[in-house]
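The values are calculated or read from the model by the stated rules, or taken from the named source; none is laboratory data. Quantities reported herein were computed from a predicted structural model and do not represent experimental measurements. Neighbour counts run over all protein chains shown; Cβ positions are idealised from the backbone, glycine included.
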Amino acid sequence: MNTRHSTHDPQKCRLMFERLSEYIDNELDERICNDIERHIRDCVPCQVCLGTLKRTIELCKHMKNVPVPPRFSANLRELIENLP
Ligand SMILES: [Zn+2]
């Protein structure tokens, strides 16, 4: 295992979140999914956000193919930008 410094990198988090909705829909390459999963494993804020996001997506899927409201991703981005 590679023991890199787990410095929090909000910029990378932001990048992740731009892809997360696609990731949840399984629309991304396996390679990108692995990248996201690896980041999330080391990043608590992203874990929390992903948990929320997944729950929301599940809700949306439950109500037929309702797309994720744009405001939701805006909220996520705001959350990321306000990370310490
Ligand atoms: Zn992160």
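A compact table of results
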item	result
Selection from the range 19-56 of residues that are part of a helix (DSSP H, G or I), among the charged types (D, E, K, R) and away from the ligand (no atom under 12 Å from the Cβ)	22, 30, 31, 54, 55
Residue within the range 65-80 that is surrounded by 11 or more Cβ atoms within 10 Å (Cβ to Cβ), within 12 Å of the ligand (Cβ to nearest atom), modelled with pLDDT under 80 and among the β-branched types (Val, Ile, Thr) present	yes
